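Take a look at the structure set out below.
The values are calculated or read from the model by the stated rules, or taken from the named source; none is laboratory data. Note that the coordinates shown come from a computational prediction; the quantities given were computed from them, not determined experimentally. With ideal geometry, Cβ positions are generated from the backbone for all residues, glycine too; neighbour counts draw on all protein chains shown. SASA here: full protein model, heavy atoms, side chains in, ligands and nucleic acids out. Shrake-Rupley method; radii C 1.70, N 1.55, O 1.52, S 1.80 Å.
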Amino acid sequence: MLDIILIATLVNLLALAISLWLGFYIVTRSLHSQVSWLAALTLWSLTSYFFCNAVLDNSPGSVLMSWLRQLVIIVLPFWLHLTYLLLRDRVKLRAQSRLLALNRVAIPLTYVVAVILIALGVLPSNPVVSIFGSQQLPES
């Protein structure tokens, strides 16, 4: 019978391979497109998350992997920015000017908030990581 950690590791490695391949596939199809590069960065950020899950399942307690796990937070600003770029050409409403003005503030703000959250180390991990130092979580 397969162990649950082995199954989780295999699923994470499969997701890692698919997202890594899809990022390279998108970039090689349109090298000069900002949208394709942003989509690839989004996928590669997800790749770091799958990599961390696969490694931390088998060797818990790595500070480097705990820091790398925090990079999944940057996926949200990438995704918002990508959605805005993809929908910008399709939305031709009068409200577009208000939406454009809102996104000129919202997109940079999400990047700033994501960097702050990564620096603070808000995702749960063991050992705990933040710019204020690393410490172990108490054993329960």
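Summary of values
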read-out	value
Filter result (assigned to a helix (DSSP H, G or I) and more than 18 Å from LEU14 (Cβ to Cβ)) within the stretch 37-68	TRP37, LEU38, ALA39, ALA40, LEU41, THR42, VAL63, LEU64, MET65, SER66, TRP67, LEU68
Subset of the stretch 60-76 [under 20 Å from ALA40 (Cβ atoms) and either β-branched (Val, Ile, Thr) or open to solvent by 70 Å² or more (accessible area, probe 1.4 Å) (or both)]	VAL72, ILE73, ILE74, VAL75, LEU76
Per-region count, the stretch 77-104, residues of a type outside the set (A, V, I, L, M, F, W, C) and either within 20 Å of LEU46 (Cα to Cα) or at pLDDT 80 or above (or both)	5
Long-range neighbours under 6 Å by Cβ, at least six apart or interchain, first residue at negative phi and part of a helix (DSSP H, G or I) within the stretch 101-121, second open to solvent by less than 50 Å² (accessible area, probe 1.4 Å) and β-branched (Val, Ile, Thr)	ALA114/ILE73; ALA114/ILE74; LEU117/ILE73; ILE118/ILE73
Residues satisfying the stated conditions in the stretch 21-36, i.e. open to solvent by 40 Å² or more (accessible area, probe 1.4 Å), assigned to a helix (DSSP H, G or I) and either of a type outside the set (A, V, I, L, M, F, W, C) or in contact with a Ser or Thr (Cβ under 8 Å, 6 or more places away or on another chain) (or both)	TYR25, ILE26, THR28, ARG29, GLN34
